[in-house]
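Here's the structure, in structure tokens; my notes come after.
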Amino acid sequence: MTQQTWRTAWAPGRVNLIGEHTDYQDGWCLPIAIGRGTTVKFRPSQDAISVITSDRFHEVVRVNTDTVSRAQIRGADSAAAYETGWGSSVVSLIAALRERGHEIAAIEAHVHSDVPLGSGLSSSASFMVALAMAFTDAADSPTSQLHGVELAHTAQRGEHINGVPCGIMDQMASVFGQEHNAVLIDCRSATTQLIPVPDSLGVVVIHSGLPRTLADSQYAQRRIACAAACERLGISALRDANLDEVADDPFARHVVTENRRVLTFVAALRANDPSALGSILNESHRSLADDFMVSTPELDTLCSLLNDAGAYGARLTGAGFGGCVVALADIEGAQVIADEAARRYQQLTKLQPLHFITAAAAGARFLANRE
Ligand code: GLA
């Protein structure tokens with residue numbers, strides 16, 4: 001790459017169809033990548049200083065790409081050193097890239113995203129994946145390009161260094177997404193299988209208007225509760241528990257039943273059985289609300305309204321505590337159903353929902369200049 005050539009890395013957000021709070025317990029999940037994502041337009045810097053701007057945050061991030069290390073993150077380059085927090089995610093990602101031994105080069109870059117922030121649609125994972133592609137591509141060596149599972153793991157490591165204790169689903173969905181397919185992720189082996197989504201199904205997404213962030217939500221506490229259940233049972237992950245063993249522990253029970261639902265959902269997709277798919281979505285929501293306790297009255301309301309409006313079924317998607325719900329509906333009726341549910345939700349709650357119909361999209365890639 002010559003010094004002046006601009007390149008564009010793009011990585012999508014995701015909507016998880018089923019398999020919530022299973023990824024950090026070695027379970028299964030079934031997200032789709034969506035057409036919304038993060039674009040990083042970049043070129044190599046003249047020196048070791050990366051200068052990164054964003055449409056979303058006024059703060060310009062300036063960081064010496066050569067000297068960032070994990071130790072430094074706790075010092076001068078810590079989250080506190082940046083006003084907006086997005087600087088600390090850049091620095092954390094650089095630290096992750098260096099920690100995992102990837103060759104990187106300093107970049108001048110501009111970031112643009114059309115994934116709503118804090119919506120549960122993985123705006124952060126799509127940013128980390130696209131930025132990791134940019135830093136490694138800029139190194140311009142035959143071995144520097146980062147892709148596949150290692151790209152997903154590095155982006156996840158960046159989140160962890162930044163204090164966000166996420167699982168691997170979002171990054172894997174962003175990297176491995178395919179048009180017309182959901183991505184069945186086995187989070188124990190970090191392997192994926194593409195599951196075709198019938199074209200007759202519309203995927204409805206409605207954002208409740210309640211923002212959420214993983215770091216300040218109860219996400220970490222749920223992880224701790226699941227780890228405690230594993231310790232009690234003497235197993236390394238709840239994937240290995242059976243229902244009898246967790247009957248009295250609602251958190252663990254959710255994870256065990258949700259893993260089963262993922263596999264039944266995949267069978268219903270293969271059989272093109274939309275009513276079965278809808279029932280499984282509704283069951284998942286009930287389990288997330290009653291057992292795992294990550295829903296809110298607003299998310300419950302949205303799911304009921306979507307069912308009332310004619311969706312096959314609906315559930316909260318992502319970590320919960322706000323953010324979005326996902327529903328499946330006949331493709332012809334999907335927009336009307338989404339409009340109706342959003343209108344009634346607004347009337348009832350006075351919150352401003354964002355709603356759209358989406359479809360499974362392709363995963364992270366470099367865009368040709370005209371794209
Ligand atoms: C967030 C995390 C994921 C996953 C979901 C819950 O999106 O980033 O890793 O744990 O919550 O399923």
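What to note about this one:
- All distinct Cα pairs of the chain go into the 1/r average, and the inverse of that average, the Kirkwood radius, is 20.9 Å.
- Computed P(r) (all Cα pairs; the range 198-358; 5 Å bins; percent): 1, 10, 18, 19, 18, 15, 11, 6, 2, 0
- Sequence-separation-based contact order of the range 198-358, relative, with Cα cut under 8 Å and 6+ spacing, percent: 36
- Cβ-based net charge around V111, under 13 Å, with every Lys or Arg adding one and every Asp or Glu removing one: -2
- With the cut-off at under 18 Å, measuring from each backbone N in the range 4-37 to a point 7 Å along the Cα-to-Cβ line of R188 picks out 19-30.
- Degrees separating the helix 123-138 axis from the principal Cα axis of the chain, which is the longest one: 30
- Nearest-ten-degree value, helix 274-286 long axis tilted from longest Cα axis of the chain: 80
- Computed from Cα atoms, the angle from the helix 334-349 axis to the main principal axis of the chain rounds to 90 degrees.
- D by Stokes-Einstein for the range 8-55, Kirkwood Rh over Cα pairs, 37 °C, 0.692 mPa s: 239 µm²/s.
- Converting phi to 3J(HN,Hα) with the Karplus coefficients 6.51, -1.76 and 1.60 and the offset θ = phi - 60°, the range 305-320 yields 5, 5, 5, 4, 6, x, 6, 5, x, 8, 7, 5, 10, x, 5, x Hz in sequence order, with x at every glycine or proline.
- Counted charge near S174, where neighbours are those whose Cβ lies closer than 13 Å (Asp, Glu -1; Lys, Arg +1): +1
- Whole-angstrom gap from the range 317-352 to the range 261-316, using each part's C-alpha centre: 13
- Applying both filters, DSSP loop and at most 16 other Cβ atoms within 10 Å, to the trypsin sites (Lys or Arg not before Pro) of the range 327-368 gives K350.
Every number in this text was worked out from the coordinates using simple rules, so none of it is lab data. For clarity, every value in this text was computed on a predicted model and none was experimentally measured. Glycine gets a Cβ as well: all are built from the backbone with ideal geometry, and neighbour counts include every protein chain shown.
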